[in-house]
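Sharing a structure here in structure tokens format.
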């Protein structure tokens, strides 16, 4: 089965998201042309100049709309479907069916476009398991969460619904591929917490997990509680696994687990204070438990090595250095506030007794 050729055109959905924007940059750096989708072109027009002449932008307002991908897919060699609903709203029961619908509509559109040689869909740790920090667990390539039955603590409903949507979305996509046997190859990439560089913070702020490292640099005391100890991955490694899924002939019908290694916030702060004395304001963290999970990531290490990374996954220290270097180099710029900034600002400005 053929794969995306050198210099080919790759569609990246969700190009204005954290993983999506870094993926665009990695693909361009590797010599590919990229067409990125966003919900609205107007607020993202800066991306055209930022990424250069091998990048084009196209508007897809609704990923669930009929024929949503038809125009975007025209003439592409490969597709990285990264766009996802990250709201985790406990009332959003439609997220499961919408994720399935989006994946299947993309696959059906790709099957009609003869130029498409390979498709990869981004999944999530939540599709494999919903672990509790400190409790032993194992994650293997074939592992999926069980469908949600609507029971349990309402505070977790949003997370569980999100996990169920990613698991069912993957399951239905693989089932469709087995039934219809299109000409293109198909894989998924399953990342956990992404740290590392961020694209143009003055235009995008710090999105998703990148905002948590920014919060630690600023000294927000509860920032680590948002991402308790688990497994990390360098966001550029996540992007490179997507590229491997699209361009390596022997990668087909696989789930690539983007899990580099475990982290704890005690470990993160030790690294940051060693590398950036007096520049990281968060000095310590109360961390009673750490991650107790095991992950089978050997196949992903093999793929990264085939993509030219002799060491496999990027180390935690090198990943954190990328993150903090980005943050420090942008401190003089007008970077929009993150959701974490707004949350802490609301606490600071609330009348006494309100928080």
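Output the number of residues of region 312-332 satisfying the condition of being out of contact with any helix residue (DSSP H, G or I) (no Cβ under 8 Å at 6 or more places or on another chain) and in a loop (DSSP other than H, G, I, E, B).
Result for region 312-332: 3.
Can you tell me which of (1) out of contact with any helix residue (DSSP H, G or I) (no Cβ under 7 Å at 6 or more places or on another chain); (2) farther than 24 Å from residue 252 by Cα; (3) modelled with pLDDT of 95 or more; (4) crowded, with 16+ Cβ neighbours inside 10 Å is the one residue 98 doesn't meet?
(3)
Restricting to region 333-355, name every residue that is part of a helix (DSSP H, G or I) and either at pLDDT below 70 or touching a strand residue (DSSP E or B) at 6+ places or on another chain (Cβ under 7 Å) (or both).
Matches in region 333-355: 347, 348, 349.
Among the residues of region 222-239 satisfying the criterion of being out of contact with any helix residue (DSSP H, G or I) (no Cβ under 7 Å at 6 or more places or on another chain) and surrounded by fewer than 21 Cβ atoms within 10 Å (Cβ to Cβ), which is farthest from residue 285 (Cα to Cα)?
230
Follow-up. If I filter region 240-252 for residues that are on the phi > 0 side of the Ramachandran plot and exposed (fewer than 15 other Cβ atoms within 10 Å of the Cβ), do I get at least one hit?
No, because not a single residue in region 240-252 is on the phi > 0 side of the Ramachandran plot and exposed (fewer than 15 other Cβ atoms within 10 Å of the Cβ).
Based on what the data block shows, is residue 275 more than 23 Å from residue 29 (Cα to Cα) and out of contact with any strand residue (DSSP E or B) (no Cβ under 6 Å at 6 or more places or on another chain)?
Yes: the conditions hold for residue 275.
Name the residues in region 268-311 that are closer than 24 Å to residue 218 by Cβ, surrounded by 15 or more Cβ atoms within 10 Å (Cβ to Cβ) and either free of Cβ contacts under 8 Å to residues at least 12 places away in the same chain or in contact with a helix residue (DSSP H, G or I) (Cβ under 7 Å, 6 or more places away or on another chain) (or both), would you?
268, 271, 272, 273, 276, 280, 282, 285, 287, listed by residue number.
Taking the stated definitions as given, is residue 26 crowded, with 16+ Cβ neighbours inside 10 Å, over 17 Å from residue 102 (Cα atoms), in contact (Cβ under 8 Å) with a residue 24 or more places away in the chain and out of contact with any strand residue (DSSP E or B) (no Cβ under 7 Å at 6 or more places or on another chain)? It would help to see each step written out before you state the result.
Details: crowded, with 16+ Cβ neighbours inside 10 Å: yes; over 17 Å from residue 102 (Cα atoms): yes; in contact (Cβ under 8 Å) with a residue 24 or more places away in the chain: yes; out of contact with any strand residue (DSSP E or B) (no Cβ under 7 Å at 6 or more places or on another chain): yes.
Spelling it out, residue 26 is indeed crowded, with 16+ Cβ neighbours inside 10 Å, over 17 Å from residue 102 (Cα atoms), in contact (Cβ under 8 Å) with a residue 24 or more places away in the chain and out of contact with any strand residue (DSSP E or B) (no Cβ under 7 Å at 6 or more places or on another chain).
The values are calculated or read from the model by the stated rules, or taken from the named source; none is laboratory data. For clarity, every value in this text was computed on a predicted model and none was experimentally measured. Positions of Cβ are generated from backbone atoms using ideal geometry, with glycine treated the same way; all protein chains shown enter the neighbour counts.
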